[in-house]
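Contents: one structure, followed by commentary.
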Amino acid sequence: MYAATPKMILPGATIGILGSGQLGRMLALAARPLGYRIHVFSPERDTPAGQVADVEICAAYDDLDAVRAFARGVDVVTYEFENVPANTAVTCQQFAPLRPGPQALHIAQNRLREKSFFAENGLPTAPFVPVHSLADLQNGLAHIGCPAVLKTAVSGYDGKGQIKITHPDEAETAWQAAGQVDCILEGWIAFERELSVVAARGVDGRFAHYGVIENSHANHILDVSKAPANLAPAVAAQAVEMVQTVMEALDVVGVLCVEFFLAGDNQLLLNEMAPRPHNSGHLTIEACVTSQFEQQARAVCGLPLGDTRYRQSAAMANLLGEVFQRGGAEAQRKEPDWTAVLRLPHIKVHLYGKREARDGRKMGHLTALAGSVDEAERMVREARELLRD
Ligand SMILES: Nc1ncnc2c1ncn2[C@@H]1O[C@H](COP(=O)(O)OP(=O)(O)O)[C@@H](O)[C@H]1O
Ligand SMILES: [Mg+2]
């Protein structure tokens, strides 16, 4: 097993990324100016991250020979999604440090473990119970009440694997719909706002954060984020402190994001976490002195963390596959009108190099910088509308 040493992995070294989506792409694009090489391990070819990497190793995550070859060729391994199989992670660790470590992965992969971990660390969440059977679900509904939401414990994202339950009679249908797998039942929170905090922790335990970001979702998928969130300073400080608690408890080296609900009376509830940069943090690319991706590179390489200050207020709007379907009732795929947006001085366009624009698929995002968050939000929403005209 690789023995952890606090030595820095200096520019010129190679960062290995497990996973090959847009988060890996933006990490690669941020690490390159610092002089790092990037190797991507990907189950597919010509991926968002692979397109901008020095090397794209194409193999299945359970192909441990390929995983070994990948890990041997890099100086540090990180990941851009949390469903890295445990075997893959452990295999990488034999050759290079894995950052964040396997404990963060283990917890973040399973919603039950995640919420239990929050609760054990004294961090508030929605009320929840584990569900392993229809009887558990019925008892859980009696205990938590309706409305509630049943979520599969593993492999859900962007609202996938979630069923809202408004009446106890729906228990059986919901249990079937969830596929009769291990689940978590959560009380439905009539939140006022959704928030997130992206933060980083270095090998030396130093902590840096981007304050609180405010998020709105459409169809359970992140739609627009804006920062800094307009929030009572004491509440913002409390959210940041909770994230630091999470990162210290898991000894995270890298970037981590926690999603929160802000319920009545400024009550913060932790919803979920991701031990990696987060969609809500994309606006840090333009808005902050150091982006969340450069920060990830710095943290996993043991470099000093960068300055997280905001140069301006910012808002980010996701571009899902739907924006490629302009005009006509036939939902025909058409290239959006990029030039209309590229003309706007305060808007930056990011595209992830994905070939197929499926509904709900994250294809890119827009960022607006402005004097206030509300102005930035208005600009980024207007810009996105132009793409569809
Ligand atoms: N207990 C809940 N109460 C109210 N809304 C919820 C609850 N759980 C999830 N949601 C809504 O669904 C969205 C997606 O759920 P989340 O748990 O973050 O899963 P994921 O983002 O992995 O799909 C949340 O951002 C929120 O808008
Ligand atoms: Mg979420």
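Numbers below:
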{"read-out": "Residue within the stretch 206-217 that is surrounded by fewer than 16 Cβ atoms within 10 Å (Cβ to Cβ) and either under 16 Å from the mean Cα position of the chain (by Cα) or within 16 Å of residue 310 (Cα to Cα) (or both) present", "value": "yes"}
{"read-out": "Failed criterion for residue 7 (all others in (1) assigned to a loop (DSSP other than H, G, I, E, B); (2) buried (at least 18 other Cβ atoms within 10 Å of the Cβ) hold)", "value": "(2)"}
{"read-out": "Candidates 257, 288 - the one that is closer than 30 Å to residue 12 by Cα and buried (at least 24 other Cβ atoms within 10 Å of the Cβ)", "value": "288"}
{"read-out": "Filter pass, residue 187 being out of contact with any Ser or Thr (no Cβ under 9 Å at 6 or more places or on another chain) and in contact (Cβ under 8 Å) with a residue 60 or more places away in the chain", "value": "yes"}
{"read-out": "Qualifying residue in the stretch 117-127 (condition: outside the structural domain of residue 262 (by TED's automatic domain parsing), buried (at least 18 other Cβ atoms within 10 Å of the Cβ), away from ligand 1 (no atom under 12 Å from the Cβ) and assigned to a helix (DSSP H, G or I))", "value": "yes"}
{"read-out": "Selection within the stretch 183-205 - away from ligand 2 (no atom under 15 Å from the Cβ) and surrounded by fewer than 16 Cβ atoms within 10 Å (Cβ to Cβ)", "value": "190, 192, 204, 205"}
{"read-out": "Among residues of the stretch 130-158, those that are away from ligand 2 (no atom under 16 Å from the Cβ) and crowded, with 20+ Cβ neighbours inside 10 Å, counted", "value": "5"}
{"read-out": "From 220, 167, residue being free of Cβ contacts under 8 Å to residues at least 60 places away in the same chain and surrounded by fewer than 21 Cβ atoms within 10 Å (Cβ to Cβ)", "value": "167"}
{"read-out": "Residue list for the stretch 197-239, restricted to those being in contact with a His (Cβ under 8 Å, 6 or more places away or on another chain) and either more than 10 Å from residue 280 (Cα to Cα) or aliphatic (A, V, I, L, M) (or both)", "value": "197, 198, 199, 200"}
{"read-out": "Selected residue [closer than 24 Å to residue 25 by Cβ, surrounded by fewer than 20 Cβ atoms within 10 Å (Cβ to Cβ) and touching a strand residue (DSSP E or B) at 6+ places or on another chain (Cβ under 9 Å)] from 357, 368, 314, 383", "value": "357"}
{"read-out": "Pick from the stretch 259-304, criterion among the aromatic types (Phe, Trp, Tyr) and in a strand (DSSP E or B), ranking: nearest to ligand 1 (Cβ to nearest atom)", "value": "261"}
{"read-out": "Selected residue (only one of 209, 217 is closer than 30 Å to residue 315 by Cβ and in contact with a helix residue (DSSP H, G or I) (Cβ under 6 Å, 6 or more places away or on another chain))", "value": "209"}
{"read-out": "Answer residue from the stretch 267-304, given it is in contact with a helix residue (DSSP H, G or I) (Cβ under 6 Å, 6 or more places away or on another chain) and hydroxyl-bearing (Ser, Thr, Tyr) and is farthest from ligand 2 (Cβ to nearest atom) among those", "value": "291"}
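The values are calculated or read from the model by the stated rules, or taken from the named source; none is laboratory data. Keep in mind it's a predicted model, so treat the numbers as computed, not measured. No Cβ is skipped: glycine too gets one built from the backbone with ideal geometry, and neighbour counts run over all protein chains shown.
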